[in-house]
Structure formats: structure tokens, C-alpha cells
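Structure first, commentary second.
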Amino acid sequence: MIRIGLVSHSQNMQGAERMLLNLCILLKETNYIYPVLFIPDINTGNLVKEAKKHKIECNEIPSNIWYIYAKPYEKESFYQYCENINEHTNKVRDLFVNNNIDLVINNTLTNLVPVLSAVGLGIPVITWVHGILDSYFIDGYDSKYRLLMDRSILKLSEYIVCCSEIVRNYYSRYVKKDNILTIHNWTYDPIIDIKFNRKSNTFVCLNTFEFNKGIDVLIEAAKLLRDREYDFKLELYGMVQKKKRLLTRLVYTI
């Protein structure tokens, strides 16, 4: 039995986390792979609840240290940040050893510690890359440092899996072409039969309505259509509080 550790970057249940859970389910169905899910802050999100429904083994790991928010120019806080990385890496390394992990699947490029832990033990790592970070919403963002960390994770991983060709083409400049591939996000068969209308002029947005998730692109697309006097409809589904903020932005922009 091959024991694969799948490491989530967060405890929530959104796109990347759902993909990781679906992967756990598929691996478990093989009957020769035993998936072990590692989740930060395990009791504060819904990922563990969904995983337990499928009888997936779950373990808690230290909180993710988001290097995209690191500020190397602030020496004192950055020193503490590095100390935290060392501490968390040692803890995750012990978890991998105690769980007899043979392979690590690292979910998203924001996850540095699991890669360092696995490489230190000689365990191969597959990193799953979901997108290209739009960093304009981060205060004090250090692009050079983030790129250094991105490239470190890419270089230390045996393989890179991207969720789209756009993402693969973007990151392929940093790795060997044989080490990066595209696997689109998958889902189980829909419960109803939906006929696809190729003549539809409706924008449908199923999202958390966070601007770092690409909502700005949707708004700009709607603005372009309006400016060119195209007839279209925009439908929004999501959290009410964030939806109100988005509607305000739409009114201001469009």
C-alpha cells in the first residue's frame, strides 16, 4: 500500500481544497493507495468535515506560513518569520515520518513548509498549481521574494501539475518541460442533464466574490460589452455580504 500525504494550504472548502479532496477520494478508490490528508487549523474549516464523510484520514499541521505576505525588508519580523518556517518544517517532517508517507502532494504554490519537510526526508513531491497569483491586493508585496519562493518550490518538486494550459505555459519557463503537465479540475457527473446553449449571452459567476479571485476581470469584461453596446446579462451567485460590495463596485465601474 502506497501512502500519499496530500497537504492542503488551508482548512476551508473552496476550489483548490475541493480539488484536493476529490483527489483523495479517487486515490482511495484504487485500493492500492492510502491517502492521508494534512490540514492546517483543522477544526476551524469545513474541509475536515467533508473528508470524514468519505472516511479520509486527516491530520492537523501547523498554520500555513504564507510567504506571499512576507516582508524581507522588515528585518526583525522577517527573522521571526524564518524561525517560524524552521519550526513548522520540523513539525511537518515528524508528521510525515510518523505517518509513513511515501509521496507528498503539495496543494498550491503558497505551501512552502511541506515541500521543505518532504525534501529533507528524501520524499518526492508533486506540487499542484491552481493559478497565477494576482498580488495587487497585498500591502507591501515583495515580488522578488515571492518569485524566489515560487521558483524554489518548482525546482524542489519532482513534478508540477497545473489546472490549465495558461498556468502551465506561464510556469514552464522555470522547469524542465518533462516535469510539468496539465490536469484539468474534474467533477463527478452532474445530477441533472443541462443542455448547453451556445448562443447564450449570459455571464454567470459562481464565486466567493473576493477581488483576488478574478472578479475584476469579470467586471472589466462586462464594461467592455456595455461600451460596445452588446446585449448581455450578468448573474451572480455567492455570499450576500460580499455580493453587496461587488454590486457597489459594478455600479461604480459600469
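Values quoted throughout were computed directly from the atomic coordinates according to the rules given, and no laboratory measurement underlies them. In this text, all values refer to a predicted model and were calculated from it rather than measured experimentally.
Amide H contacts of ASN59: LEU37, PHE38, ILE39, each under 5 Å away and 5 or more positions distant or on a separate chain (H built 1.01 Å from N in the peptide plane; Pro and chain starts excluded). Around the amide H of ILE123, modelled in the peptide plane, lies no amide H under 5 Å away from a residue 5 or more places distant or on another chain.
Cross-link partners for LYS91 among the aspartates and glutamates, with Cα-Cα distance under 18 Å and sequence neighbours closer than 8 places in the same chain left out: ASP41, GLU60, GLU83, ASP102. Computed 3J(HN,Hα) for the stretch 75-85, one whole-Hz value per residue from the Karplus formula 6.51 cos²θ - 1.76 cosθ + 1.60 where θ = phi - 60°, is 4, 5, 5, 6, 4, 5, 4, 5, 4, 5, 4, glycine and proline marked x. Estimated at 0.36 nm per residue, the fully extended path between TYR170 and ASN84 surpasses their Cα-Cα distance by 27.9 nm. In percent, rounded to a whole number, the relative contact order of the stretch 2-182 is 20, using alpha-carbon pairs under 8 Å and six or more apart.
The HN-Hα couplings worked out from phi for the stretch 10-15 by the Karplus form 6.51 cos²θ - 1.76 cosθ + 1.60 (θ = phi - 60°) are 8, 9, 7, 10, 10, x Hz, whole numbers, x standing for Gly and Pro. Here the extension length gained between GLU74 and TYR159 equals 27.3 nm, from 0.36 nm per residue of separation less the Cα-Cα distance. Under a 5 Å amide H cut-off, with hydrogens placed 1.01 Å from N, LEU234 pairs with PHE203 among residues at least 5 apart or on other chains.
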